[in-house]
Amino acid sequence: MRMRHILHGAAFAAALAGLAGPAAAKETLRFASFEPAGAFLTGTIFAQWAEDVAAASEGTLEIKMFPGGTLGRDPAAQIDLVENGVADIAWAIPGYAPGRFDESTVIELPFLVRDSKSGSYAAWKIYEDGQLGGDYDKFKMLGIFASPPNMIAATIPLVVPSDMKGVNFRAPGPTQLKAIEATGAVPVGGITGPSVGEALNRDLVKGLSTEFLAVETFRLEDLLKHYTVVPMGATPMLVIMNKERYEGLPDAAKAAIDKHSGAAFSERFGKVVDERVAEVRARIEARDDVTILTPSDEQVEAWREATSIATEEWLAAKEGRQALYDAFKAAMEAHPATN
């Protein structure tokens, strides 16, 4: 009699399982990166973010990294990959696709961003406050970041603005290209990070506006021997997601993404990047064949004056840019820099 009762209990449990139906399939999101898997941003920051989101999703989600341009090699086409559904998520540099995410060019202005942590915080804050529209409305924004301020890095000494005259020089976005042009250099656009090494080797450019993490990522340490640490403007970066893909996810998956995105993601990115940049700089500085110059106050002012036209023209180009500039600067200054 007791055995029969147990069997009935087992049958009842089986019936309940049948009513519940099969377990929901886990959703897989494709995260595209044009960087190699071992690059710091892709292999450490973005891969860890993906793991954290999956762990918080209550078994509803996994995020698979596709590094090295697996889903599309062109760094300038990463936005299109997400827009067209080839990738669900991608990290992108809007400067590679001029005209897209246009307001993010505030990050490129010289002598504005002081470090990645406060710059990334401010970038998300102005988005959260509704000051970034256009392309920002077309995607699920997961993270908006500012690189550390770019500096002058070259194969020849470029210490003061007059040294730049006639020098072919690369920058990652239109606003920084304008600043470079103002120094008398020949601005060279259209060269993405993975192509910089070849451009230097072929003597297509003598220098570029960049920061130490990019020097490490794109293996430029043996090519760039002269660094002048003056803030030429930072590089805006985004992690974007296909909005329809996000909206079609289970609630638990969306909650996990939201938990680890936005302000939390931008804060995490900036802090970790600043720390890594300090490590890379120390390693490069220890080399006998490299010169890293911190300009004098007089030299800094010369660079500031030479590049100021870029900010003036940026402010005058569109209505509302002064308010955007002021809001970004105020948010950045209210946020503590990385210690």
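The values are calculated or read from the model by the stated rules, or taken from the named source; none is laboratory data. Source: prediction; values computed, not measured. With ideal geometry, Cβ positions are generated from the backbone for all residues, glycine too; neighbour counts draw on all protein chains shown.
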Can you find, within the stretch 300-326, the residue that is nearest to the chain's Cα centre (by Cα) among those that are of a type in the set (Asp, Glu) and in a helix (DSSP H, G or I)? Asp326
Return the only residue of Lys329, Lys254 being touching a residue at least 12 places away in the same chain (Cβ under 8 Å) and either under 25 Å from the mean Cα position of the chain (by Cα) or at negative phi (or both). Lys329
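Matching residues to (1) surrounded by fewer than 19 Cβ atoms within 10 Å (Cβ to Cβ); (2) among the hydroxyl-bearing types (Ser, Thr, Tyr):
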| position | (1), (2) |
| --- | --- |
| Ile180 | no, no |
| Gly190 | yes, no |
| Ser195 | yes, yes |
| Gly207 | no, no |
| Leu213 | no, no |
| Lys225 | yes, no |
| Val230 | no, no |
Looking for something touching a Lys or Arg at 6+ places or on another chain (Cβ under 7 Å), in contact (Cβ under 8 Å) with a residue 24 or more places away in the chain and assigned to a strand (DSSP E or B) - is there at least one such residue anywhere in the stretch 176-188? no
Which listed residue, of Glu221, Glu275, Glu198, is free of Cβ contacts under 8 Å to residues at least 12 places away in the same chain and either over 27 Å from Ala302 (Cα atoms) or in a loop (DSSP other than H, G, I, E, B) (or both): Glu198
Can you find a residue that is at pLDDT below 95, more than 27 Å from Asp135 (Cα to Cα) and not hydroxyl-bearing (Ser, Thr, Tyr) anywhere in the stretch 63-71? no
Could you list, in sequence order, the residues of the stretch 76-125 that are outside any helix (DSSP H, G or I) and of a type in the set (Lys, Arg)? Arg100, Arg114
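If I ask for residues that are in a helix (DSSP H, G or I) and buried (at least 19 other Cβ atoms within 10 Å of the Cβ), which ones from the stretch 247-267 would you list?
Matches in the stretch 247-267: Ala253, Ala256, Ile257, His260, Phe265, Ser266.
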Checking the condition among the acidic types (Asp, Glu) and outside the structural domain of Trp124 (by TED's automatic domain parsing), which residue from Glu267, Glu301 passes? Glu301
From (1) modelled with pLDDT of 95 or more; (2) more than 24 Å from Gly193 (Cα to Cα); (3) touching a helix residue (DSSP H, G or I) at 6+ places or on another chain (Cβ under 8 Å), pick out the condition that doesn't hold for Gly134. (1)
Counting just the residues of the stretch 308-326 that are among the hydrophobic types (A, V, I, L, M, F, W, C) and surrounded by 11 or more Cβ atoms within 10 Å (Cβ to Cβ), which one comes out nearest to Gly133 (Cα to Cα)? Leu324
Restricting to the stretch 108-129, and then to whatever is in contact with a strand residue (DSSP E or B) (Cβ under 7 Å, 6 or more places away or on another chain) and modelled with pLDDT of 95 or more, can you tell me which residue is surrounded by the fewest Cβ atoms within 10 Å (Cβ to Cβ)? Tyr127
Condition first: touching a helix residue (DSSP H, G or I) at 6+ places or on another chain (Cβ under 9 Å) and under 21 Å from Asp163 (Cβ atoms). Now tell me which residues in the stretch 300-330 satisfy that. Ala302, Trp303, Glu305, Ala306, Thr307, Ser308, Ile309, Ala310
Out of curiosity, is Arg73 of a type in the set (Lys, Arg), over 13 Å from the mean Cα position of the chain (by Cα) and under 20 Å from Ala146 (Cβ atoms)? no
Complete set of residues in the stretch 154-163 that are surrounded by 19 or more Cβ atoms within 10 Å (Cβ to Cβ) and within 29 Å of Ala39 (Cβ to Cβ): Ala154, Leu158
Close pairs from the stretch 149-167: first farther than 19 Å from Ile309 by Cβ, partner among the basic types (Lys, Arg) and modelled with pLDDT of 95 or more, Cβ under 8 Å, at least 6 apart: Ala154/Lys206; Ala154/Lys225; Thr155/Lys206; Thr155/Lys225; Ile156/Lys206
